[in-house]
Amino acid sequence: MPLPSRTFIATVEDMRRVARRRVPRMFYDYADSGSWTESTYRANEEDLQKIRFRQRVARNMENRNLATTMVGQPAAIPLALAPTGLTGMQHADGEILAAQAAEAFGVPFTLSTMSICSIEDVAAHTTAPFWFQLYVMRDRDFIERLIDRAKAAKCSALVLTLDLQILGQRHKDLRNGLSAPPRMTLGNLVNLATKPAWCWNMLRTQRRTFRNIAGHAKGVTDLSSLGAWTAEQFDPTLSWDDVEWIKKRWGGKLILKGILDPDDARHAVDTGADALIVSNHGGRQLDGAVSSVAMLPQVVDAVGKDIEVWMDGGIRSGQDILRAVALGARGVMIGRPFLYGLGAGGREGVTKVLEILARELDITMALCGYRDIHQIGRDVLVPGSYPGSPAA
Ligand SMILES: Cc1cc2nc3c(=O)[nH]c(=O)nc-3n(C[C@H](O)[C@H](O)[C@H](O)COP(=O)(O)O)c2cc1C
């Protein structure tokens, strides 16, 4: 589905508006929501906005570099696509299209355990290695097989998510009766009738349910058994000991996602992981938790010398990427921005979002007086305007 030709899209916010028009309500709402009062979801964006840059002038700004590495792997800008569940419901074959856009742009793509397209689907339609995100389930045989499938698909890092062993409640999903594919209730049919391009693309693909799980987990053969399985499978006993066996079984680069506290960051370092992501799951889990950016400097100060620290949550512009990098993040992940691009215009929409972010980052870095992303530190920020800063 191409981007609409008559809508001018200059920002991620423009893209969000197009996605809201084009994606069925239950899937748009699934992306654009946080848990309970959504206070943490809002804080992620708001706290980034408060951080101010120092404007510097008369410094050579020619020949700028944004390229870097994340766990040793090249990234055209310091950014990776975050793992997001049900991405193939924002747009048919969504995970494949987003992975292709990321590959062409030169940034890493992460496939969620709860994706619609499977590990094998994405591997068959891309050439660059992608990352696989793991949720730990009670069925450890299934987890071991999942890890082995990610290895067989030549995934180049495992992202282990630690902050969703119990699901935070999102009111909109309950009200909408979220399911994949959508149930054919009268309300859904009426809404789907207003999204003809989405329906047409969805009818032309076979990929409409959780393909990493269906047919792979014991006893999961159809939609109703899948629903019951996922509800009871997320393992609330997950502990740091489990991280050890997962690391051993995987044997490659390991990234721990969902760290929001310096004490947990030290545990993460002790596991020998290669990177950690300061994250509150995009405000979708513990409502009332602080924003990711508010915790970033503390985590960097605690463990930044021992492990790569990344951040996600609320990144909506290149300015936000620069803010996170200035506070010590080696890179960021984006969730909703790329989902809006996907819903608005498939692969082209994701590419456009990456282009918008890269251009904003490039120009902002230049206006701060810098030419290389590796030179960026807290001194590009106005003291007193960022978390943990000395007062102005
Ligand atoms: C619709 C949606 C689904 C998500 N699904 C997953 C998931 O399956 N696994 C995971 O580790 N994180 C998941 N996340 C969290 C993202 O990986 C990421 O932490 C978050 O989106 C970052 O915030 P942002 O959307 O403001 O960029 C999801 C987020 C969204 C918005």
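Bear in mind that the values in this text are calculations on the coordinates, not laboratory data. Fair warning: this is a prediction, and the values are worked out from it, not measured in the lab. Note: ideal-geometry Cβ built from the backbone for every residue, glycine included; neighbour counts use all protein chains shown.
Could you please find all residues in the range 248-257 being assigned to a helix (DSSP H, G or I) and either touching a residue at least 60 places away in the same chain (Cβ under 8 Å) or under 24 Å from Arg330 (Cα atoms) (or both)?
Hits for the range 248-257 are Arg249, Trp250.
Go through the range 20-42 and give me each residue that's more than 17 Å from the chain's Cα centre (by Cα) and within 13 Å of the ligand (Cβ to nearest atom).
Answer for the range 20-42, where residues must be more than 17 Å from the chain's Cα centre (by Cα) and within 13 Å of the ligand (Cβ to nearest atom): Val23, Met26, Glu38.
Can you name the residue in the range 123-139 that is more than 19 Å from the chain's Cα centre (by Cα) and touching a residue at least 40 places away in the same chain (Cβ under 8 Å) and, of all such residues, is surrounded by the fewest Cβ atoms within 10 Å (Cβ to Cβ)?
My answer is Arg138.
Considering the range 188-221 alone, what residues qualify as being hydroxyl-bearing (Ser, Thr, Tyr) and without any contact (Cβ under 8 Å) to a residue 12 or more places away in the chain?
Thr194, Thr221, listed by residue number.
Out of the residues in the range 309-330 that are more than 17 Å from the chain's Cα centre (by Cα) and outside any helix (DSSP H, G or I), state the one that is surrounded by the most Cβ atoms within 10 Å (Cβ to Cβ).
Leu327
One line per residue, one yes/no per condition, for (1) in contact with a Leu (Cβ under 8 Å, 6 or more places away or on another chain); (2) among the hydrophobic types (A, V, I, L, M, F, W, C):
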{"site": "Ile246", "(1), (2)": "yes, yes"}
{"site": "Leu256", "(1), (2)": "yes, yes"}
{"site": "Val278", "(1), (2)": "yes, yes"}
{"site": "Asp287", "(1), (2)": "no, no"}
{"site": "Ala294", "(1), (2)": "no, yes"}
{"site": "Gln298", "(1), (2)": "no, no"}
{"site": "Val303", "(1), (2)": "yes, yes"}
{"site": "Ser317", "(1), (2)": "yes, no"}
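Within the range 140-159, can you find the residues that are surrounded by fewer than 19 Cβ atoms within 10 Å (Cβ to Cβ), in contact (Cβ under 8 Å) with a residue 60 or more places away in the chain and of a type in the set (Gly, Ala, Ser)?
Across the range 140-159, the qualifying residue is only Ser156.
Of a type in the set (A, V, I, L, M, F, W, C), more than 14 Å from the ligand (Cβ to nearest atom) and outside any helix (DSSP H, G or I), is that true of Ala273?
yes
Can you pull out every residue in the range 220-247 that is assigned to a loop (DSSP other than H, G, I, E, B) and in contact with a Phe, Trp or Tyr (Cβ under 7 Å, 6 or more places away or on another chain)?
Val220
Of all residues in the range 43-88 being outside any loop (DSSP other than H, G, I, E, B) and farther than 24 Å from Val309 by Cα, which is nearest to the ligand (Cβ to nearest atom)?
Per the criteria, the residue is Thr87.
Out of the residues in the range 102-111 that are in contact (Cβ under 8 Å) with a residue 60 or more places away in the chain and surrounded by fewer than 24 Cβ atoms within 10 Å (Cβ to Cβ), which is nearest to the ligand (Cβ to nearest atom)?
Phe105
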